[in-house]
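So the structure is just underneath, and the comments pick up after that.
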């Protein structure tokens, strides 16, 4: 049983350009009524320029939450006249995703990372209409330190992570979370985003110390247990190290889609002729699946690894 909702993609113009060749696939496969790119005027120009389906729309980020509102707070906390756009932007894009709950007219909305492309269609609800939390594996202690101060008594509640390049948010629950933060007498500031930033403070603002996904998922587990069903989500985070978003083919997507729901092209991806041959070599493909090849590659690598 599916319910209608919009999908939001908060993105910069540079990131849009890097992956835009794949956006027709995104428009075809995301299970949403409309896909709304949220960004600057430069992003709007690109959305209007590209021949994408009518369901692809645009919303100016400043109409949702003015960037300067967040940036001024960052400047005040850091005692700086000029804060790097990227430092403010990392937090700002998360606040935009939460802010949308205030204007959303549906029960749910989904956020989706602009560097991630679905390999095929999927549903965010089970046959009874219960929404899914899609889980992967990631852990940042700072996220839960902040979470525990925003909501005393809350802590990491599942082994896996709620961070999976997308999330289906319930508008009422998001509104409840933001109101709870603004009622917390131990926090300083006015709006929820100011309270979060001042809580993190000058020493830690330069590090990732807040996750909208971990915060929302954990809050639901503590306050609305049973309202979501948990599901393992298999996506290829480091696909950009092995495939070029400008040359990846339909055949590649079909083959990758046997093991992955989606693939990502992160801007930090580093490709070489050797790395691109690993997954594209027809001799390897004839004998091994994408999962099997990745598992072999991961044996020699460190850091984040996909798991099954």
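Bear in mind that the values in this text are calculations on the coordinates, not laboratory data. The structure presented is a predicted model; accordingly, all values stated were derived computationally and were not measured. Counting neighbours? That spans all protein chains shown, and the Cβs are built from the backbone with ideal geometry, glycine included.
Tabulated values for the structure
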{"item": "All Cα pairs of the chain, percent lying beyond 31 Å", "result": "32"}
{"item": "Residue exposure sequence - 112, 308, 233 - by fewest surrounding Cβ within 10 Å", "result": "308, 233, 112"}
{"item": "Degrees, to the nearest 10: 141-150 long Cα axis against longest axis of the chain", "result": "30"}
{"item": "Shape category assigned to region 18-154 from the gyration tensor of Cα positions, a/c cut at 1.5", "result": "oblate"}
{"item": "Tilt relative to the chain, helix 290-299 - C-alpha long axis, 0 to 90 degrees, to 10", "result": "70"}
{"item": "Percent RCO, i.e. relative contact order, over region 236-299, from Cα pairs under 8 Å lying at least 6 residues apart", "result": "42"}
{"item": "Sorted by Cβ neighbour density within 10 Å, fewest at the top, the residues 12, 270", "result": "270, 12"}
{"item": "Extension reserve of the residue 299-residue 274 stretch, reckoned as 0.36 nm per residue once the Cα distance is removed", "result": "7.3 nm"}
{"item": "Region 136-257: relative contact order in percent, alpha carbon pairs under 8 Å with at least 6 residues between", "result": "32"}
{"item": "Highest-MSF residue in the chain out of 151, 213, 58 [GNM, Cα springs under 10 Å]", "result": "151"}
{"item": "Relative counts (whole %) of C-alpha pair distances in region 173-308, using bins that are 10 Å wide", "result": "9, 29, 21, 22, 15, 3, 0"}
{"item": "Tensor-based shape of region 236-299 (alpha-carbon gyration tensor, a/c under 1.5 rounded, otherwise prolate or oblate)", "result": "rounded"}
{"item": "On Cα atoms only, tilt of 171-183 relative to the major axis of the chain in degrees", "result": "40"}
{"item": "Fewest-first ranking of 56, 10, 297, using other Cβ atoms within 10 Å as the exposure measure", "result": "297, 56, 10"}
{"item": "Expected 222 nm ellipticity per residue - DSSP helices of 4 or more, -39500 (n - 2.57), all of the chain, to 500", "result": "-12000 deg cm²/dmol"}
